[in-house]
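The structure under discussion appears below in the form of structure tokens.
The values are calculated or read from the model by the stated rules, or taken from the named source; none is laboratory data. Note that the structure is predicted; figures quoted are calculated from it, not measured. Neighbour counts are summed over all protein chains in view; Cβ atoms, including those assigned to glycine, are modelled from backbone coordinates with ideal geometry.
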Amino acid sequence: MPIEGYLEGRKISAVAGRLRSGCVAVLPTDTIYGFHCAYSNLPSIDRIRGLKGRSKGSGFILLASSLAMVDSLVGRWPAGVRDILDTLWPAPLTVIIPASKSIPAALRPKGAVAVRIPAMESLTTLIDKTGEPLVSTSVNLSGRQPLNRIDDIRFEFPGLDVYISRRGTGGLIPSTLLDLSGSEPRIVRPGRIARKAAVAFGID
């Protein structure tokens, strides 16, 4: 039976156990609903790619619970970037940075990885209990709008292992996406906190 309800209490441990066993979970984040799996589980990553109809050349976001966890994903920190992110995270801010070669190749296209520390305590607790970063990507078929109601998600993507609902409203705007892998910072997707990120990184 799938796990349903809200991400709280004992349910966090139950969902973490499913993720460790290789399951795919629909979870709310600090931005929009996403498909999630443990980042070391390649069959689960392939399953998510199939659900979305996404090509193998495209990457996914990794959600971490702390800067220390992000350190394990980074090949090298551009000068000053870690200190700036320490003032911004947790937040709906995803950054593209040079990737560690220990990351599965499917998650580091062109040698870079997209990573975020979400501003949602229950989600970072889940990541800690899972024991590794989570792959995260919007709940939709590639090229279509993300789904933002759990009933629509169950209907469109039946047979998944976990369907966790969001409390309250929200979840319509994706994270700001900031590319820090090149010579100059560049905002790829404005998202929720584009202005704050631009100021922090000196982007005109």
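Which one is nearest to Thr137 (Cα to Cα) among residues in segment 171-204 that are part of a loop (DSSP other than H, G, I, E, B) and among the polar types (S, T, N, Q)? That would be Ser175. Condition check: under 20 Å from the mean Cα position of the chain (by Cα), at pLDDT below 95 and not aliphatic (A, V, I, L, M). Does Ser165 satisfy that? It is false that Ser165 is under 20 Å from the mean Cα position of the chain (by Cα), at pLDDT below 95 and not aliphatic (A, V, I, L, M).
Determine, yes or no, whether Pro78 is in a helix (DSSP H, G or I), surrounded by fewer than 18 Cβ atoms within 10 Å (Cβ to Cβ) and not small (Gly, Ala, Ser). The answer is no for Pro78. Checking segment 96-104 against the condition returns no match, with no residue being in a helix (DSSP H, G or I) and either in contact (Cβ under 8 Å) with a residue 24 or more places away in the chain or within 20 Å of Gly131 (Cα to Cα) (or both).
Taking residues in segment 178-201 that are closer than 19 Å to Ala99 by Cβ, and partners anywhere that are part of a loop (DSSP other than H, G, I, E, B) and β-branched (Val, Ile, Thr), the pairs with Cβ atoms closer than 7 Å and at least 6 places apart or on different chains are Pro185/Ile203. Evaluated against (1) more than 18 Å from the chain's Cα centre (by Cα); (2) more than 16 Å from Tyr163 (Cα to Cα), Met1 falls short on exactly one condition, (2). Just one of the listed residues (Ala64, Ala99) is among the small types (Gly, Ala, Ser), in contact with a Pro (Cβ under 6 Å, 6 or more places away or on another chain) and surrounded by 18 or more Cβ atoms within 10 Å (Cβ to Cβ), namely Ala64.
For segment 40-49, check the following and say yes or no: at least one residue is of a type in the set (Ser, Thr, Tyr), within 22 Å of Val26 (Cβ to Cβ) and not in a strand (DSSP E or B). Yes: segment 40-49 contains one or more residues that are of a type in the set (Ser, Thr, Tyr), within 22 Å of Val26 (Cβ to Cβ) and not in a strand (DSSP E or B). Among the residues of segment 161-172, those that are crowded, with 19+ Cβ neighbours inside 10 Å and of a type in the set (A, V, I, L, M) comprise Val162, Ile164. How many residues does segment 132-153 contain that are closer than 24 Å to Gly59 by Cα, surrounded by fewer than 20 Cβ atoms within 10 Å (Cβ to Cβ) and more than 15 Å from the chain's Cα centre (by Cα)? Counting residues in segment 132-153 that are closer than 24 Å to Gly59 by Cα, surrounded by fewer than 20 Cβ atoms within 10 Å (Cβ to Cβ) and more than 15 Å from the chain's Cα centre (by Cα) gives 6.
If the condition is being under 18 Å from the mean Cα position of the chain (by Cα) and basic (Lys, Arg), then segment 53-80 contributes Arg54, Lys56. Pairs linking a residue in segment 128-146 that is more than 21 Å from Pro104 (Cβ to Cβ) to a residue that is part of a loop (DSSP other than H, G, I, E, B) and among the charged types (D, E, K, R), with Cβ atoms under 9 Å and 6 or more positions apart or on different chains, are Leu141/Arg54.
Of the residues making up segment 6-38, those that are under 14 Å from Leu160 (Cα atoms) and part of a strand (DSSP E or B) number 7.
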